[in-house]
Amino acid sequence: MNRQCLYCGERAGIIAKVCADCKKLLARVAELRGKVSYGQFLDGLEQTGVQKEKILTFLQADPEGKGSIQDQVTAEMTTELMRVMGISGRQTAQEVKRIRDGVGKDSES
Ligand SMILES: [Zn+2]
């Protein structure tokens with residue numbers, strides 16, 4: 001029986017836990033995170049040629065329960081921004097998720 005991809009839920013293959021597209025995206029995330037703005041980050045993911053819808057599913061997946069990739073990257077960027085601004089502290093993915101859930105979903109279209 002084929003396994004499902006941990007990220008997008010599509011068929012991943014017999015041994016793989018992650019499908020080829022998400023593997024590509026994961027590699028790109030590792031390359032980009034901490035180096036670019038969020039907009040550039042998204043552009044970089046689109047450059048993999050993976051469908052945008054799938055990228056969004058991938059970003060919101062939380063297979064390890066540590067927060068989605070989107071929340072992790074947002075947390076890292078916020079932490080970096082706070083550091084640059086001289087504010088101590090650390091944003092966690094859980095915190096970002098909490099804030100976003102509190103704000104509501106009106107930014108999603
Ligand atoms: Zn996948």
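The table for this structure:
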| item | result |
| --- | --- |
| Inter-site label distance for Arg90 and Gln47 at 7 Å from Cα along Cβ, in nm | 3.0 |
| Backbone N within segment 1-42 under 13 Å of label point (7 Å from Lys66 Cα along the Cβ vector) | 30 |
| Dipole magnitude (debye, nearest 20) for the chain, charges at Cβ of Lys, Arg, Asp, Glu | 320 |
| Values of log10 I(q)/I(0), in the order q = 0.09 Å⁻¹, for the chain under a Debye, Cα-only, solvent-free model | -0.26 |
| The chain - percent of accessible surface contributed by carbon and sulfur, probe 1.4 Å | 52 |
| Residue-normalised accessible area of the chain, given per residue in Å² at a 1.4 Å probe | 67 |
| With Cα atoms, 0 to 90° folded angle of helix 20-32 axis to the chain main axis | 20 |
| Aspartates and glutamates whose Cα lies under 12 Å from that of Lys66, excluding same-chain neighbours fewer than 8 positions away | Glu95 |
| Sparse-neighbourhood loop sites, GluC sites (Glu not before Pro) in segment 10-109 - DSSP loop, at most 12 other Cβ within 10 angstrom | Glu64, Glu108 |
| Residue-averaged [θ]222 nm for the chain, counting only DSSP H segments that reach four residues, each worth -39500 (n - 2.57) | -16500 deg cm²/dmol |
| Given 16 as the ceiling on other Cβ atoms within 10 Å, longest exposed-site-free region of the chain for trypsin sites (Lys or Arg not before Pro) in DSSP loops | 36-65 |
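The values are calculated or read from the model by the stated rules, or taken from the named source; none is laboratory data. Note that the structure is predicted; figures quoted are calculated from it, not measured. Here Cβ is always computed from backbone atoms with ideal geometry, including for glycine, and neighbour counts include all displayed protein chains. Calculation scope for accessible area: heavy atoms of the full protein, side chains included, ligands and nucleic acids excluded. Shrake-Rupley method; radii C 1.70, N 1.55, O 1.52, S 1.80 Å.
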